[in-house]
1. Which three numbers, in whole Å and largest first, are the semi-axes of the equivalent ellipsoid of segment 343-400 derived from its Cα gyration tensor as √(5λ)?
2. At q = 0.12, 0.20 Å⁻¹, work out log10 I(q)/I(0) for segment 259-399 with the Debye formula, treating every Cα as an identical point scatterer and leaving solvent out; two decimals please.
3. By the gyration tensor of its Cα atoms, with a ≥ b ≥ c the square roots of the eigenvalues, what is the shape of segment 409-452: rounded for a/c under 1.5, prolate for a/b over b/c, or oblate?
4. What's the center-to-center distance, using Cα atoms, between segment 338-408 and segment 426-473 in Å?
5. Within the set of other residues whose C-beta is less than 15 Å from the C-beta of TYR347, count the net charge using Lys and Arg as +1 and Asp and Glu as -1.
6. Under DSSP H, which helices of the chain have Cα atoms covering 27 Å or more of the helix axis and a Kyte-Doolittle average no less than 1.6?
7. Please return the longest range in the chain lying between exposed loop sites, taking GluC sites (Glu not before Pro), DSSP loop only, at most 15 other beta-carbon atoms within 10 Å, and leaving the sites out.
8. Could you list ILE170, ILE116, ILE247 in order of exposure, starting from the residue whose Cβ has the fewest other Cβ atoms within 10 Å?
Amino acid sequence: MSAYCLIRAIRLFSLERRICPPCNGSNIKEPRLNTLQEKYNWREAFKAYTHPRVIGMLFLGFSAGLPLLLVLGTLSFWLSEAGIARATIGHLSWVGLAYGVKFLWSPLVDRLHLPILTAHFGRRRAWLLLSQVCIAAALFGMANTDPALNLMHTVWCALAVAFASATQDIALDAYRIEAVEMEKQGAMAATYQTGYRIAMITAGAGALWIAASVTTTSGAHYDFHQWQVAYSVMAGLMCVGILTTLIIREPVQKISRLTAENEAHAREKLAAFGFSGALLDITTWLYAAVLSPFIDFIRRFKWQAALILALIAVYRISDVVMGVMSNPFYQEMGFTKDEVATVSKVYGVVMTIAGAGMGGLLVIRIGMMRTLMLGAVLSAATNLLFVWLAGHGHDVGALVFTISADNLAGGIASSAFVAYLSSLTNQAYSATQYALFTSVMLLLPKFIAGFSGEFVDAYGWANFFTATALLGAPVLLLVWLATRMQKSQ
């Protein structure tokens with residue numbers, strides 16, 4: 001994308017005027033689940049994608065997706081070429097754990113004001129800008145360190161990239177939730193996923209292509225200069241996110257009167273227990289930042305919180321469990337690496353983007369819960385295509401059809417699910433609550449996926465894919481119950 005097109009598209013943000021409500025939130029109702037039952041025609045649904053902040057999520061999604069492979073898959077390729085032992089490379093993959101435990105510092109992103117930056121840019125933009133600059137600096141640090149000579153320096157830079165990238169994810173999720181009204185959350189999720197996928201291709205195949213295109217002068221198998229150029233370019237591409245953050249407007253945080261009153265009441269109770277001065281201020285801040293997000297969620301949904309958490313925990317279970325064994329399955333079916341890479345990176349990515357866009361439209365057109373149900377049905381049903389592929393054998397056409405259908409379903413489900421998670425958050429704690437939801441989302445599926453290889457060894461591929469489809473049955477029940485719960489409110 002050219003710099004001119006980037007600036008021209010993002011400049012639309014400057015046309016928006018910020019309207020600040022009273023700081024005490026006295027005119028804001030307590031947040032509830034939004035069923036999005038108001039119907040829009042297809043023209044109005046498509047119009048959501050022309051909203052300036054929806055367009056901007058494309059570039060912010062690119063910024064979010066760029067660092068991931070640069071500290072995982074692409075870095076592993078670099079380290080392998082540099083002669084680093086396989087065991088060491090495997091251990092270094094643990095830097096990715098930063099993404100799984102990001103909820104631990106999400107309260108800081110929600111409540112901690114950064115000196116100078118917060119006053120100048122606002123809370124969300126300040127954290128976005130800080131994290132993006134740190135990612136770029138750490139990537140540049142990786143680019144200028146040869147792991148064959150100083151592996152520890154490369155490791156520390158990779159850890160810095162992962163930590164800053166996870167922090168960017170926290171701030172970006174909060175910004176997305178607060179930036180537009182609920183009916184546009186599906187469109188926001190779709191453009192975010194599109195930018196994210198483009199960035200992953202750039203950081204994966206793109207970085208490898210750049211490294212391979214640099215002429216080596218040593219004639220040896222490994223030339224550090226090739227990777228230096230590739231990672232320097234990746235560091236420079238973080239300017240896409242930095243420029244977007246500098247241009248966008250800070251969203252208005254909508255804190256309800258009840259939320260403000262609850263926090264004020266908590267301060268009064270702490271004062272009654274004898275807390276005073278700086279100790280009272282620190283304790284009140286910790287209560288509001290760390291405990292209040294949990295208390296708020298339970299208070300708003302009461303016993304229904306268990307139903308919601310159960311749905312979050314299993315909604316993507318069919319895809320996650322099946323995905324662990326997909327590449328071994330392709331290999332056993334006789335597909336070459338080139339065939340799998342071409343189909344997954346071309347047809348798969350295109351269909352994921354198309355599915356995400358379709359999901360965003362459907363959220364606006366038919367409502368969030370109906371789209372959530374459709375995504376659950378399609379995600380489970382398309383797993384049965386792998387049963388058909390297992391019986392079909394090596395057939396590239398069948399592989400294209402199966403991966404395309406599966407990724408299309410995954411894109412629809414992802415857009416609906418992101419919109420649903422966004423609807424659950426209280427904007428006073430959006431960063432913390434959303435980070436917790438995404439952690440719950442992966443915990444059970446990742447645990448069950450660990451037994452997928454043993455299941456295949458015992459029962460075969462066809463039974464495995466059938467079982468992953470059946471795992472989606474409880475999801476349908478939970479979505480139905482959650483829909484009934486919303487209608488009763």
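Here, each number is a calculation from the coordinates, and none is a lab measurement. Remember, predicted model here, so these are calculated numbers, not experimental data. Quick reminder, even Gly has a Cβ in these numbers, built from the backbone with ideal geometry, and neighbours come from all protein chains shown.
1. For segment 343-400, the ellipsoid semi-axes come out as 27, 15, 6 Å.
2. Each listed q maps to, in turn, -0.73, -1.22.
3. Oblate, because a/c is 1.5 or more while a/b does not exceed b/c.
4. Cα centroid of segment 338-408 versus Cα centroid of segment 426-473: 17 Å apart.
5. -2
6. Membrane-span-like by this rule: 52-70.
7. Answer from the scan: 182-489.
8. Neighbour counts put them in this order, fewest first: ILE116, ILE247, ILE170.
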